[in-house]
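First comes the structure, then the notes that go with it.
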Amino acid sequence: MLYPVYVHVGNADQAHGVSFPDFPGCFSAVDDWSDLPAAVQEAVEAHFSGEPDAVPPATPLENLVSHADYSGGVWMLVDLDLSRIDTRPVRLNVSLPSNLVQQIDAWAQAHHMTRSGFLASAATQAMAARS
């Protein structure tokens, strides 16, 4: 979903500051413009962690451009992946070989984890390794 962000342009000594008019208290900063999309996404994920229903709708950019708090910088529309905020558990049904389930359960128990916690951790690690 597209959201407006305001970039307070930095220089060689200062990072570019990013503020989110729709998300009071959410800020980010980057040294390089190319890092902006990832930094913005990360800031929003941290700000709304696990609370997807708290995300307000986007304010139309035309309602913000003449706002007195925003001068000397540039407006940008950023495409935020709000699905990454939703950390609510989802029940799913998977089929695995019985002996693998037994191994998973034994390992998880030995490491004070649940089966779901182990599978989530393993999936996260596998995806990070392939990034």
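A simple spin-label model places pseudo-atoms 7 Å from Cα toward Cβ; at Ser83 and His111 they are separated by 2.7 nm. With the helix formula -39500 (n - 2.57) applied to DSSP H stretches of n ≥ 4, the chain reaches a computed 222 nm mean residue ellipticity of -9500 deg cm²/dmol.
Two decimals is fine: what is log10 I(q)/I(0) at q = 0.31, 0.33 Å⁻¹ for segment 60-107, from a Debye sum with one equal scatterer on every Cα and no solvent? Summing over Cα pairs of segment 60-107 leads to -1.16, -1.19. As a rough footprinting exposure proxy, the listed residues Ile104, Ile85 were ranked by other beta carbons within 10 Å of their own, and the order from fewest upward is Ile104, Ile85. On the beta carbon distance between Ala46 and Asn99, with R0 = 41 Å, the FRET formula returns roughly 0.55. Rounded to the nearest whole Hz, the Karplus-based 3J(HN,Hα) values (6.51 cos²θ - 1.76 cosθ + 1.60, θ = phi - 60°) of segment 66-76 follow the sequence 9, 5, 5, 6, 10, 9, x, x, 9, 8, 9, with x at glycine and proline.
Rg and Dmax of segment 86-125, both derived from C-alpha coordinates alone, stand at 10.8, 32 Å.
On C-alpha positions alone, give me the angle between the axis of helix 36-47 and the longest principal axis of the chain, in degrees, nearest 10. Between helix and principal axis, roughly 70 degrees. Between Ala68 and Ser131, what FRET efficiency comes out of the Förster formula 1/(1 + (r/R0)^6) with R0 = 35 Å and r the beta carbon distance, rounded to 0.05? The value I calculate is 0.25. In this label model, Ala54 and Ser121 are separated by 2.6 nm, measuring between points 7 Å along each Cα→Cβ vector. Computing mean projected area of the Cα convex hull in nm² directly from the structure and comparing it against (1) 11.3; (2) 21.1; (3) 20.1 singles out (1).
Bear in mind these aren't lab numbers, they're just calculated from the coordinates by the rules spelled out. Because the structure is a prediction, the values reported are computed rather than measured. Here Cβ is always computed from backbone atoms with ideal geometry, including for glycine, and neighbour counts include all displayed protein chains.
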